[in-house]
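A short write-up of the structure that comes next.
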Amino acid sequence: MWSQIASVSSWFSLAAFVVAALVIAYRRKLARDEQFIKGARPEDFPKVLAIARQRLQVPVENLPHEEIAPLLKLEMDSSLERLRIVLRAFLSLAFLLAGVGAILYVSRPPAVSGSDNIACSQLYQRGAYDITQGYYDAAAAKFAEVTVRCPTDIGAWRDMGFAKFKLERFGEAFAAYKRAFELDPKDLDTRFNVGLLYIHLNNDNAAKGVFEELLKDEPADTPTHYHLGLANQRLGNFDQMVAHYDAVIAAAGEYSDAAAFNLAAEFAKRAENCSSVDTGEALKLLDQSVSLARKNNSDPQERMRRITGESKTENGEKLNRLRSCPGYEAVVARR
C-alpha cells in the first residue's frame, strides 16, 4: 500500500513541477505584455487591442488606450494568482501523500528472512505437537513466539487462539482469532474456531451466524452441521436442529453418534408417554447413537454415561423419561 501511495505522490510532485514551470513561463509572458502595453506607440494600438481582447474577453474597441492598460494589469494579476493557487494545491497534496506513504512504510510488517521462516516453521511444528499432547501453555508460548518472528503467519495466530481457548483465556483467544481473521477473512478454520468459542460462551445466536456463513462455503461439512444443530437446539429451533443433526447422522462419521444422542434427548423431551410417536423416535435414535458410537470407536464409558443419564447433563436428564419405557433396557444393554 505504501508503495502505491508513494507512486501517486511522485506523480503529483511531477504535476506540481509542470505547473510551476507554466507559472514561471506565464509570468514572463505577462511581464512582456505589460511592458509592451506601457511603452506602446499609437501605431502599436491594434496589437494592444488584440492582447486586450484575448485577456479580458470583452469588447475593448471603444475604450481609451489609458484605460486598457490598468484593466489588463488587473486581469494578469488575477490569472497569475489562480495559477499560484493550483500550484499550492498540487504541492500540498504531494506532501500529504508523501507523508502518508512514509508513515505506512515505517509501520509496515518487517520483512521475514529465510532463516526466520525456517525458525517459525520449526516452532510452529513443536507448538502443534504440544497441542496434540494437551500441553496448551507450552503450545501458546511457541505460537506467540512465531507471531513475533513471523507476524503474518495465520496458522500461528489461529492455533494460538485455540490454545488460549483450551486454557479458558477466552479474551486472549478471541484477540488471536481476530488477528488471524484480519490476515485472511476467508480462512475457514479461523471462522470455525470463532464459532466454537461462541458455543462455549453460550452465545448461541452469534455461533449460529458464524456457522451459517461457513455452511455457504462448505455445505456438506459435518462439524459445521453438528454445531449448527447444537446452536439451534439451545435456541429451541426444533426443525432447524433436526435438519442439521440429520445431515450429520446421514454422513455416519464424526459427530454422528453425538447428533443422534442429542436428537434422541429432544424427542424424549417431547414424548407424552411410552406409546407416543416421539418416544419411539427417541428410542430409535438412541439405539442409532449406540451403533454409530461403536462404529466411530467412541469411549464406551462416556457412551454408557450418555445413555443412562449418569453424566447429569441436560440431555441425560431428558432421556431419564424413557427409563420405564419398553425397549429402553435393550438399548442400555447394547451400550
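Specify the residue that is farthest from Ala128 (Cα to Cα); the eligible residues are those in the stretch 157-173 that are surrounded by fewer than 19 Cβ atoms within 10 Å (Cβ to Cβ) and of a type in the set (A, V, I, L, M, F, W, C).
It comes out as Phe170.
Quick one: in the stretch 262-273, of everything that is in contact (Cβ under 8 Å) with a residue 40 or more places away in the chain and within 44 Å of the chain's Cα centre (by Cα), which residue is surrounded by the fewest Cβ atoms within 10 Å (Cβ to Cβ)?
Here the residue is Lys269.
Any idea which of (1) over 22 Å from Asn296 (Cβ atoms); (2) within 21 Å of the chain's Cα centre (by Cα) is the one Glu218 doesn't satisfy?
Failing condition for Glu218: (1).
Exactly one of (1) within 21 Å of Gly171 (Cα to Cα); (2) surrounded by fewer than 22 Cβ atoms within 10 Å (Cβ to Cβ); (3) in contact with a Lys or Arg (Cβ under 9 Å, 6 or more places away or on another chain) is unmet by Asn237. Its number?
Result: Asn237 passes all but (1).
So if I check each of Asn193, Asn237, which one is among the polar types (S, T, N, Q) and closer than 20 Å to Gly155 by Cα?
None of the other options fit; the residue is Asn193.
Given (1) surrounded by fewer than 17 Cβ atoms within 10 Å (Cβ to Cβ); (2) under 18 Å from Asn315 (Cα atoms), identify the lone condition not met by His227.
(1)
Residues checked against (1) in contact (Cβ under 8 Å) with a residue 12 or more places away in the chain; (2) under 18 Å from Val331 (Cβ atoms); (3) aromatic (Phe, Trp, Tyr); (4) surrounded by fewer than 14 Cβ atoms within 10 Å (Cβ to Cβ):
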| position | (1), (2), (3), (4) |
| --- | --- |
| Ala260 | yes, yes, no, no |
| Ser275 | no, yes, no, yes |
| Thr279 | yes, yes, no, no |
| Arg294 | no, yes, no, no |
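Read the figures in this text as sums done on the coordinates, not as results from a lab. Treat the numbers as computed from the prediction; the structure is a model and nothing was measured. Backbone-built Cβ (ideal geometry, glycine too); neighbour counts: all protein chains shown.
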